[in-house]
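Presented below is the structure to which this report refers.
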Amino acid sequence: MSTFYLFEAAAGLALFQCDSVDETNVKSKQIQKQFSDFAQFAEVCHLKAFQPFISAEIALNNALAIHTGTVTQELVDFLSTNLPPVGKKSNFQIAICDKGLAAGLQSYLNLKSKMNEATAQVFRGIRTHFVDFLRNEDFKERDYIQAQLGLAHQVSRNKVKLDINREDKHVTQAISIIEQLDKDLNTLSMRIKEWYSWHFPELAKIVTDNRVFTRIVDTYGDKKNINDEALEAIEELTTDAELAKQIVEAAKISMGQDISELDLSTLKDLCIRVLNQFEFRDNIQEYLKNKMTNIAPNLTALIGENVAAKLIAHAGSLINLAKYPASTIQILGAEKALFRALKTRGNTPKYGLLYHSTYIGRANGTEKGKISRNLANKCAIASRLDHFLILPTEKFGVKLKDQMEQRLKFLTAGGELNKNTDIMDEVLTELKGEGLYFESEKQLTKKDKKSKKAKSKKVVEEVEEEPVEQPQEAPKKKRKASKQQ
């Protein structure tokens, strides 16, 4: 029985025929040497047919189809042209590297596929000597390397384009910047407090907020300026009348030493830089909120934009988070503690990044594990909805948030709980009533086209209804009748 080998290269499709391969001794050193030498390998295996790709687009479609295990029309035409006719008495097999493609060809063309250690060794020899087989086709090694490089760029570009509507990469960078800014602001604020405490040590104990403390230092500087006349201005900075009175009273009896103008000006310069960093952080936070509302509205409505962005950043992307089960999401961020517990046979962690959500903080100590497990379940549902919904909406996330509030009340005082199916049916009926329910992208595109046509008709009708001002004709001058002579 003859065996054909289908080799999918970057330059095109190739079909090899190998009949005299000793499958029993394929791992022996003698066979390995025979496969490493092109002259000896060409005696065993020879090129039957080769079909180059006409364009880079065809090569890309073929590579993506092989990755997903689908059979293209080019592959079907190539095999049906160069293989013997398939029938009950057909005496050949075909070897294919990809298992998904082998299953597709077996169901599509009714071909007997073959894959074992011997065929893997033959494919290794074909891959090694592929350029040598194509010498007669005026094909050089440089051309093959260029084809591989071009196809690799095309596949990478296509994979990046798949994520063009889900811009979660920007979310990863934004949340990383926010975390870094928080660390830097805490460090700089601590330095400002320690520096200014030599002059006004009581202020650090009264004002605990770093931003308010920095504003007071930047606005007034010397503690002599903090007096009864500045009480209203201090109240505006702190938004607390009682706190402003405490600051003024503390400034009157402060035990701190005097500060020079040079030191104070340098400290004020540092305060200005820190306040600019606070404003920049607010802008990044607003950017992250808007981005998360567009990318993952349900997950954002459930646990907030910061925790949702941390989960997406830790998972790598929204699609990776959607693939995770609820048990993985529950301990996401606590991998070190998990492996340490498995190694020492201790208690495994109950939560990871989900600890930063408000639900776990509001739960009792004994109920934190239950709330974490339930919250991870809701996060798994929300992330899958955000990724697979055709028209993303936050209504599912709002209902899931209400479910979490019910769970907290149930653990403390008891009561009834809504089921996930009831909530999903309720949201789906609401979406159908509003005309926002779509089962496929074709329905969405059809609706967009209809809305555009309706808008264009309205514009045409409005234009037709508007009265057209006709230009007034100038009055004709009467000709004088000629006198009859």
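The values are calculated or read from the model by the stated rules, or taken from the named source; none is laboratory data. All values derive from a computational prediction rather than experimental measurement. Every residue, glycine as well, gets a Cβ built from its backbone with ideal geometry; the counts of neighbours run over all protein chains shown. With ligands, DNA and RNA removed, areas are computed over all heavy atoms of the protein, side chains included. Shrake-Rupley method; radii C 1.70, N 1.55, O 1.52, S 1.80 Å.
In a fully extended conformation the segment linking residue 149 and residue 109 would gain 11.2 nm over its present Cα-Cα distance, using 0.36 nm per residue. Ordering of 417-429, 350-362 by packing is 350-362, 417-429, highest average first (other Cβ atoms within 10 Å, averaged per residue).
Using 0.36 nm per residue and subtracting the Cα-Cα separation, the extra length available between residue 283 and residue 348 on full extension is 19.6 nm.
Each label point was placed 7 Å from the Cα along the Cα-to-Cβ direction; for residue 48 and residue 406 their separation is 6.3 nm.
If a spin label sat at a point 7 angstrom from the Cα of residue 132 along the line to its beta carbon, the backbone N atoms of segment 44-66 nearer than 14 Å would be those of 44-47.
Less than 5 angstrom separates the built amide H of residue 49 from those of 15, all sequence-distant by 5 or more or on a different chain. Averaged over its residues, segment 130-259 has an accessible area of 63 Å² per residue, based on protein heavy atoms and a 1.4 Å probe. Summarising the label geometry, the points placed 7 Å from Cα in the beta-carbon direction at residue 327 and residue 81 lie 5.2 nm from one another. In the structure shown, the pairs 183/336; 291/432; 291/368; 183/378 are assessed against 28 Å; a Cα-Cα span above that value is assigned to 291/368; 183/378.
Between residue 336 and residue 205, what length in nm is gained on full extension when 0.36 nm per residue of separation is reduced by their alpha carbon distance?
Contour length minus Cα-Cα distance gives 43.5 nm.
Taking only protein heavy atoms and a 1.4 Å probe, the accessible area of segment 304-374 is 51% carbon and sulfur. Under 14 Å from a point 7 Å along the Cα-to-Cβ line of residue 38: which residues of segment 142-157 have their amide N that close? What the label zone holds, given the 14 Å backbone N cut-off, is 142-145. If R0 is taken as 41 Å, the Cβ-Cβ distance between residue 141 and residue 116 corresponds to a FRET efficiency of 0.85.
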